[in-house]
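Report on the following structure.
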Amino acid sequence: MNVPEWWYLVLSAVLFSLGALGLLIRRNPLVMFMCVELMLNAVNLTFVTFSRSLNDIGGQVVVFFVLVVAAAEVTVGLGIIVSILRRKPGTTADDLSLLKG
Amino acid sequence: MVDKIVFFAAAAACLAGAVGVIWSKNPVHSALSLVGTLFGIAIHFVNLGAHFLAAVQVVVYAGAIVVLFLFVIMLLGVDKAEQLEVDPLGGQRPAAAVVAIAGVALLALLAVRGVQVTTGESSKIAALDSGPSNIVLLGRALFTDYVFAFEVTSVLLVIAVVGAVVMARRAPKDEVSAQ
């Protein structure tokens with residue numbers, strides 16, 4: 001007896017919203033990045049669930065690409081965070097208002 | 001029956017990890033909670049028959065990305081507790097909670113109602129039960145139907161590496177003053 005598809009979809013909805021909540025309320029840029037990873041993983045779970053429900057490999061290929069893009073995003077994002085925090089230690093997202101003009 | 005037990009165990013790991021990421025004051029604890037979520041997702045992938053993705057999930061996410069996070073935390077020395085009691089923007093947290101609850105409700109409603117109206121052609125690229133193993137199907141789809149996207153991701157990775165190197169490098173002026 002298989003697990004119904006909508007259980008997975010509800011779980012990924014909850015995970016996505018938890019990630020969004022963390023992104024909204026946390027100030028540490030590193031933790032905000034982790035919340036973005038949570039949201040990406042929730043979407044990946046949705047893709048794999050639909051891949052099974054449509055009996056097609058396409059959804060899993062998309063998840064593969066999402067993994068690659070997430071790796072690239074983490075590389076560049078952490079590089080930016082490192083170069084910001086090296087200059088101003090203890091910076092939070094609220095302090096990064098240099099582009100305000 | 002076993003499937004459902006596995007689902008609930010992995011879902012509990014996922015949700016506990018996600019809550020841990022948000023609630024931990026120390027970024028190191030957040031990163032370790034993230035590992036719990038990522039392993040839970042990998043178990044769900046196994047349960048859904050995506051064996052290759054489960055392996056990649058553990059290797060790339062838990063093995064590389066979380067280690068990168070921990071490396072940056074240790075490098076910058078920001079592993080001290082963050083002040084979570086003060087709310088810098090008044091009323092932001094209640095508003096964020098309302099948005100999150102509304103999001104859960106909306107997405108869950110779409111999920112529950114959406115399964116019955118899942119549109120799209122079944123087995124368009126390759127049927128999962130057509131015979132070859134999961135990894136064979138994935139590899140074939142990747143190098144036939146999605147080969148252009150695959151090449152574009154390689155360009156993306158090169159750009160990301162070059163960008164990271166350029167950012168991490170000190171400006172020539174700094175080198176002179178350092179000497």
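Which residue out of A:Leu11, A:Leu67, A:Leu40, A:Leu23 is in a helix (DSSP H, G or I), within 14 Å of the chain's Cα centre (by Cα) and facing chain B (nearest Cβ under 7 Å)?
Among A:Leu11, A:Leu67, A:Leu40, A:Leu23, only A:Leu67 is in a helix (DSSP H, G or I), within 14 Å of the chain's Cα centre (by Cα) and facing chain B (nearest Cβ under 7 Å).
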Complete set of residues in segment A:27-37 that are without any contact (Cβ under 8 Å) to a residue 60 or more places away in the chain and facing chain B (nearest Cβ under 7 Å): A:Leu30, A:Val31, A:Met34, A:Cys35, A:Glu37
Please enumerate the residues belonging to segment A:52-63 that are within 7 Å of another protein chain (Cβ to nearest Cβ) and in a helix (DSSP H, G or I). A:Arg52, A:Ser53, A:Gly58, A:Gln60, A:Val61, A:Val63
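Here is a check on your reading of the model: is A:Gly59 open to solvent by less than 40 Å² (accessible area, probe 1.4 Å) and closer than 30 Å to B:Ile125 by Cα?
Yes.
Here is a yes/no grid of residues against (1) modelled with pLDDT of 85 or more; (2) more than 7 Å from chain A (Cβ to nearest Cβ); (3) not in a helix (DSSP H, G or I):
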site	(1), (2), (3)
B:Arg113	no, yes, no
B:Ser122	no, no, yes
B:Val152	yes, yes, no
B:Arg170	no, yes, yes
B:Lys173	no, yes, no
Checked against (1) facing chain B (nearest Cβ under 7 Å); (2) more than 23 Å from B:Leu137 (Cα to Cα); (3) not in a helix (DSSP H, G or I), A:Thr91 satisfies every condition except (1)
Residues of segment A:74-88 being more than 7 Å from every other protein chain (Cβ to nearest Cβ) and surrounded by fewer than 18 Cβ atoms within 10 Å (Cβ to Cβ), which ones? A:Ile84, A:Arg86, A:Arg87, A:Lys88
Taking the residues in segment B:37-59 that are surrounded by fewer than 19 Cβ atoms within 10 Å (Cβ to Cβ) and among the small types (Gly, Ala, Ser) as candidates, determine which candidate is nearest to the other protein chains (Cβ to nearest Cβ). B:Gly49
Restricting attention to segment B:124-147, which residues are of a type in the set (A, V, I, L, M, F, W, C) and outside any loop (DSSP other than H, G, I, E, B)? B:Ile135, B:Val136, B:Leu137, B:Leu138, B:Ala141, B:Leu142, B:Phe143, B:Val147
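The values are calculated or read from the model by the stated rules, or taken from the named source; none is laboratory data. Not measured: the values here are computed from a predicted model. All Cβ positions, even for glycine, are placed from backbone atoms using ideal geometry, and neighbour counts span all protein chains on display. Just the protein is used for accessible areas: all its heavy atoms, side chains included, with ligands, DNA and RNA removed. Shrake-Rupley method; radii C 1.70, N 1.55, O 1.52, S 1.80 Å.
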